[in-house]
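Peer 1: Before we start, here is the structure in question, set down as structure tokens.
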Amino acid sequence: MLVEPVLAQSTDWSFAISPYAWTPGITSSVETARGTVEVDKSIGDVLSDLDLAFMGAFEARNGRWSLIADLFYSELSASRTSPLGVLFSGVRIETEAQALSGYAGYRVHEDDWVAVDLMAGFRVNSVDINVSLSPGLLQGQSFGASETWVDPLVGGRVRFAITDHWFATALVDVGGFKAGSDLTWLAFASLGYQIDERWSIQGGWRHVSIDKSIDGRDVEIDFSGPLLGFTVRF
């Protein structure tokens with residue numbers, strides 16, 4: 001999460017908006033009647049295959065309490081050689097993924113160097129995967145898996161002041177618990193620079209993992225890669 005904490009002693013609402021660029025590599029697998037179709041796309045592959053992406057975060061804070069929202073949306077299409085041998089000559093996978101995470105946070109500790117928030121919330125996930133197998137020994141086939149669901153989440157965030165301007169942030173959440181996904185988790189770490197009271201920039205790494213049955217198919221998706229963004233507070 002790119003939104004940095006605000007001092008807990010404040011009794012007024014404060015807000016922060018953080019647009020960011022996240023270019024993750026994607027690893028996914030979809031169970032089919034012919035076997036499991038796996039895709040492993042590097043960061044460079046994703047940049048060339050990405051059709052559309054939007055990412056951003058928002059935080060509202062009052063004293064020790066905070067409300068946090070994070071939105072991720074992407075459309076990705078890619079073609080590759082068939083993972084099912086000579087049965088099919090190739091495969092094309094089109095993936096549309098979006099996730100809206102919402103947390104309520106409570107500041108459990110803050111001093112001049114460290115601030116710690118415990119969080120609970122949810123993540124609304126929507127995944128639409130379409131797989132087209134080109135003719136080989138067998139005729140071409142197409143199938144898809146699509147679902148929207150909500151995962152409960154628990155997590156925490158820690159911010160470390162390194163100097164007057166430099167800071168580091170780490171966030172982790174875990175959820176699903178078979179109420180939505182079988183298991184989902186997010187981990188994020190960044191290094192930031194506070195330009196002034198309103199503006200800061202951050203760069204880091206973010207990983208999101210989803211393990212779920214969609215339309216009766218076992219689907220595993222992992223997004224992992226670097227990000228860069230800025231925060232404005234008001």
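The values are calculated or read from the model by the stated rules, or taken from the named source; none is laboratory data. Model, not experiment: these values are computed from the prediction. When we count neighbours, we look across all protein chains shown, and the Cβ atoms used for this are built from the backbone with ideal geometry, even at glycine. Just the protein is used for accessible areas: all its heavy atoms, side chains included, with ligands, DNA and RNA removed. Shrake-Rupley method; radii C 1.70, N 1.55, O 1.52, S 1.80 Å.
Peer 1: For T148, state whether it is open to solvent by 50 Å² or more (accessible area, probe 1.4 Å), over 28 Å from W65 (Cα atoms) and among the hydroxyl-bearing types (S, T, Y).
Peer 2: Spelling it out, T148 is indeed open to solvent by 50 Å² or more (accessible area, probe 1.4 Å), over 28 Å from W65 (Cα atoms) and among the hydroxyl-bearing types (S, T, Y).
Peer 1: How many residues are within 16 Å of the chain's Cα centre (by Cα) and in contact (Cβ under 8 Å) with a residue 60 or more places away in the chain when one looks only at the range 170-203?
Peer 2: Selection size over the range 170-203: 6.
Peer 1: Tell me, please, whether a residue that is surrounded by 14 or more Cβ atoms within 10 Å (Cβ to Cβ), over 29 Å from T169 (Cα atoms) and without any contact (Cβ under 8 Å) to a residue 60 or more places away in the chain can be found in the range 106-128.
Peer 2: Yes: the range 106-128 contains one or more residues that are surrounded by 14 or more Cβ atoms within 10 Å (Cβ to Cβ), over 29 Å from T169 (Cα atoms) and without any contact (Cβ under 8 Å) to a residue 60 or more places away in the chain.
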